[in-house]
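K.L.:
Please read through the structure below; I'll follow up with questions.
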Amino acid sequence: PPTAEGRRSPTRMSRIGSGQRGLMVQELGAAAKHAPVGDLGKRLDAIGLEMYTMEGDGNCQFRAMAFNLFGSQSHHATVRQAACAHMQKEAEFFSIFFDGDAEFGNYMRDMKRNRTWGDELTLRAVVEAYCCEAHVVTSEPANWYLVYSPETTEVNAKVAAVPRGCALPQKGKQVFLSYISPVHYNAVVASADSVLL
């Protein structure tokens, strides 16, 4: 059924069985080893997936993760909060990417603000906070399939914020994003004619 915006309701990956998600991950991995397909849309279409557009307001990475984790991009602030809390908790690790504590402090101050673009560090922080695995299909011509696996084995309940009315995501949840380099993240969903449904 169409959404309020007139788009069809997406089939979220959580509606696809884990065996079928596993097959999709295998297909992504196999496709990435062969000659890369030049177009992001074609890459996704080849395995029955499509982009589900996130609002382009500077929160797109957090929106795409919120859509995957909680079913709605509107929970982006909660995911941003969890990413920032995890980076603060693990400052010893995350601060090594900056020239000193002051630069890291400025980064954290900015990252806590609505509309500040997420980056690889925030993606890593969300993966660790929620103990999920992020599969990112990019528009890059090479190395276009990236997997971010958590180093932790448990959801970090101290930083993994949960929106009101939502459950904590299952440990090891696989989330799927597209990245139109270098400017925008979207969620990835099963296409209407996908054999995964």
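K.L.:
Can you give the FRET efficiency for VAL183 and GLU154, using 1/(1 + (r/R0)^6), R0 = 25 Å, r = Cβ-Cβ distance, to the nearest 0.05?
P.N.:
Details: r = 34 Å, r/R0 = 1.35.
So, using R0 = 25 Å, E works out to roughly 0.15.
K.L.:
Same structure again: For the range 92-134, which GluC sites (Glu not before Pro) are both in a DSSP coil and crowded by at most 15 other Cβ atoms within 10 Å?
P.N.:
Answer in residue order: no site qualifies.
K.L.:
Same structure again: For the range 13-190, what is the charge dipole size about the Cα centre, in debye to the nearest 20, if Lys and Arg each add +1 at the Cβ and Asp and Glu each add -1 at the Cβ?
P.N.:
Details: 17 positive and 19 negative charges, 130 e Å.
Dipole magnitude for the range 13-190 comes out near 620 debye.
K.L.:
So, one more: Please compute the length gained on full extension between LEU121 and ALA167, using 0.36 nm multiplied by the number of residues separating them and subtracting their Cα-Cα distance.
P.N.:
14.1 nm
K.L.:
Give me the percent of DSSP beta bridges within the range 13-190 that run antiparallel, rounded to the nearest 5.
P.N.:
In the range 13-190, approximately 65 percent of DSSP beta bridges are antiparallel ones.
K.L.:
While we're on this one: Are there trypsin sites (Lys or Arg not before Pro) in the range 155-197 that DSSP puts in a loop and that have at most 12 other Cβ atoms within 10 Å, and which ones?
P.N.:
Listed in order of number, the matching sites are LYS158, ARG164.
K.L.:
Same structure again: Within the range 13-190, how many Lys pairs that are eight or more residues apart, or on different chains, come under 21 Å at the alpha-carbon? Could the numbers behind the result be given before it?
P.N.:
Details: LYS33/LYS42; LYS89/LYS112; LYS89/LYS158; LYS89/LYS171; LYS112/LYS158; LYS158/LYS171; LYS158/LYS173.
Lysine pairs, 8 or more places apart or on different chains, close enough: 7.
K.L.:
With a 10 Å Cβ neighbour count serving as the proxy for reagent exposure, in which order, fewest first, do HIS86, HIS184 appear? Walk me through the numbers on the way to the answer.
P.N.:
Values: HIS86 25, HIS184 18.
Fewest-to-most ranking of HIS86, HIS184: HIS184, HIS86.
K.L.:
Over 26 Å, how big is the tail of the calculated P(r) for the range 13-190, in percent of all Cα pairs?
P.N.:
27
Only the coordinates and a few stated rules stand behind these numbers; no lab work does. Since the model is a prediction, treat every value here as computed from it, not as a measurement. Glycine gets a Cβ as well: all are built from the backbone with ideal geometry, and neighbour counts include every protein chain shown.
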